[in-house]
Amino acid sequence: MVYAHVSVMVQEVLDLLKPQAHKTYLDGTVGGGGHAEQILSTSGPDGRTLALDRDEEAVTAARRRLARFADRCIIRQANFTEAREILQEIGWHGVDGILLDLGISSHHVESPERGFSFQTDARLDMRMDRRQALDAYQIVNTFPVSALEQILKDYGEEPLACRIARAVDRARNEKPIETTQQLARLVAGVTGAKRRGRHPATRTFQALRIAVNGELENLEAFLEDAYELLFSGGRMVVISFHSLEDRLVKTAFRKWSRDCLCPPKAPDCRCGWSRKARPLTSKPLVPADSEIEANPRARSAKLRAMERI
Ligand SMILES: C[S@@+](CC[C@H](N)C(=O)[O-])C[C@H]1O[C@@H](n2cnc3c(N)ncnc32)[C@H](O)[C@@H]1O
């Protein structure tokens, strides 16, 4: 199957990351390689990129698309939380730019067998990395009702989380909920018809996907000290598609821009913290209307960037 994904906010990424010759970059979410291709082209003839993705199919697609840069591009199937170890392993002491373009790709949604979409029927799966044991089937069929409700509330901001979780519990006590459409029908039975033009199961599916892949935990872990991966003057650009992700990025960038982390009323500074970065975007950038028109998937993108001091 052809790997289909249209990269979002490409010009904004290039303007902020400013890829250059002799420099090194980390693309933590290479997907089909659209952004990485631009970074490698712009940083020619000798800029290098380490490209990671959890998804084997993305890695295969990226290897194909980036083949002509083989001597200056290293591609690995890995979680971006492993970036520090991989950089050490390949002998890079840091990078001049980091890009994270979070979430799933269109390829995930458009590959029915991956179980991300309720538009087609497939086993409940939703794993980006299919080597991982936990999948959506397990969450739906084995997690306690309270945990299910929490997932729907926290990651889907689903107002009917409690009712949906109970309906799932009743159904699975009869027989396991095996497929995407079984689950979608069940949710629609609780919530009624379309809500604000969206399928009633949209929030449930988003919540499960985030839980299956530990998306917020991974981002949080990466943001703990990601500035340390950057050389002085290095830049980091993050595109998120969900308010919870954007909040984590905003909080981390704010922290890195502060001079001191002591409580505001503390008589003197004891935190030992010093400013690590300066923000390059005071508010998140969003795609131009023309981009959203051409690629509706871009509509919820928010881009933030910072520079290491
Ligand atoms: C929006 S797509 C990236 C598209 C890419 N920038 C392009 O231009 O083609 C997001 C990708 O990030 C990957 N991904 C999500 N979380 C990840 C993580 N924690 N570590 C590595 N890859 C991750 C997904 O598998 C998916 O391929």
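The values are calculated or read from the model by the stated rules, or taken from the named source; none is laboratory data. Model, not experiment: these values are computed from the prediction. For neighbour counting, all protein chains shown are included, and Cβ atoms are generated from backbone atoms with ideal geometry for every residue, glycine included. Accessible surface areas use protein heavy atoms only, side chains included; no ligands, DNA or RNA. Shrake-Rupley method; radii C 1.70, N 1.55, O 1.52, S 1.80 Å.
Given an 8 Å cut-off on Cα distances and at least 6 residues of separation, report the relative contact order of the chain as a percent. Don't skip to the answer; put the middle values down first.
Values: 529 pairs, mean separation 51.6, N = 309.
RCO, the chain: 17 percent.
Would you calculate the volume per residue, in Å³, of the smallest convex hull containing every Cα atom of segment 51-91? Each step should come with its number before you reach the end.
Numbers: hull volume 2.1 nm³, N = 41.
With only Cα atoms used, segment 51-91 gives 51 Å³ per residue.
Using only alpha carbon pairs under 8 Å that are at least six residues apart, calculate the relative contact order of segment 145-240 and give it in whole percent.
Values: 61 pairs, mean separation 28.3, N = 96.
Normalised by residue count, the contact order of segment 145-240 is 29 percent.
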Legend entry - Over the chain: helical MRE at 222 nm, DSSP H runs n ≥ 4 each giving -39500 (n - 2.57), nearest 500: -11500 deg cm²/dmol
Inset, instruction - Please give the direction-averaged projected area of the C-alpha convex hull for the chain, in square nanometres with one decimal. - result: 17.7
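Ordering Val286, Val30 by how much accessible area each has at a 1.4 Å probe, largest first, what is the list?
Values: Val286 85, Val30 5 Å².
The ranking, largest first, comes out as Val286, Val30.
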Inset, instruction - Ignoring everything but the protein chains, give the 1.4 Å probe accessible area of Val2 in square angstrom, nearest 10. - result: 120
Legend entry - GNM top mover of Thr24, Thr120, Thr180 - the chain, alpha-carbon springs below 10 Å: Thr120
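Lys pairs in the chain, Cα-Cα under 12 Å, at least 8 apart or on separate chains: how many?
Details: Lys250/Lys283; Lys250/Lys302; Lys255/Lys276; Lys283/Lys302.
Final tally of qualifying lysine pairs is 4.
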Inset, instruction - Return the carbon/sulfur percentage of the accessible area of the chain, one whole number, probe 1.4 Å, all protein chains in place. - result: 49
Legend entry - Among Leu261, Leu52, Leu244, residue whose mean-square fluctuation peaks in a GNM of the chain (springs only between Cα atoms under 10 Å): Leu261
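Starting from the residue with the highest accessible area, list Met128, Met236 in decreasing order, probe 1.4 Å.
Details: Met128 20, Met236 0 Å².
If we order Met128, Met236 from most to least accessible, we get Met128, Met236.
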Inset, instruction - Whole Å is fine, so just give me how far the alpha carbon centre of segment 227-276 lies from that of segment 42-94. - result: 26
Inset, instruction - Please give the helix 145-156 orientation as an angle from the longest Cα principal axis of the chain, in degrees from 0 to 90, rounded to the nearest 10. - result: 50
Inset, instruction - Calculate how steeply helix 180-191 sits against the longest principal axis of the alpha-carbon atoms of the chain, using the helix alpha-carbon long axis, and give the answer as 0 to 90 degrees to the nearest 10. - result: 70
Inset, instruction - Report the residue, chosen from Arg114, Arg254, Arg198, that carries the largest GNM mean-square fluctuation when the chain is represented by alpha-carbon nodes joined by springs under 10 Å. - result: Arg198
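Please state the equivalent ellipsoid semi-axes for segment 74-209: what are the square roots of 5 times the Cα gyration tensor eigenvalues, largest first, in whole Å?
Details: eigenvalues 220, 48, 43 Å².
After diagonalising the Cα gyration tensor, the semi-axes are 33, 16, 15 Å.
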Inset, instruction - Restricting to the chain, compute how many DSSP beta bridges are antiparallel as a %, nearest 5. - result: 40
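Could you give the dipole magnitude of the chain about its Cα centre, charging the beta-carbon of Lys and Arg +1 and that of Asp and Glu -1, in debye to the nearest 20? Walk me through the numbers before you get to the answer.
On the way: 46 positive and 42 negative charges, 156 e Å.
For the chain, the charge dipole is close to 740 debye.
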Inset, instruction - Over the chain, give the accessible area per residue in Å² for a 1.4 Å probe, as an integer. - result: 48
Legend entry - Charge dipole magnitude, Cβ of K and R +1, D and E -1 - segment 99-212, Cα centre, debye nearest 20: 340
Inset, instruction - Using only the alpha-carbon atoms of segment 80-129, report the extent along each of the three principal axes, biggest first, to the nearest angstrom. - result: 46, 18, 12
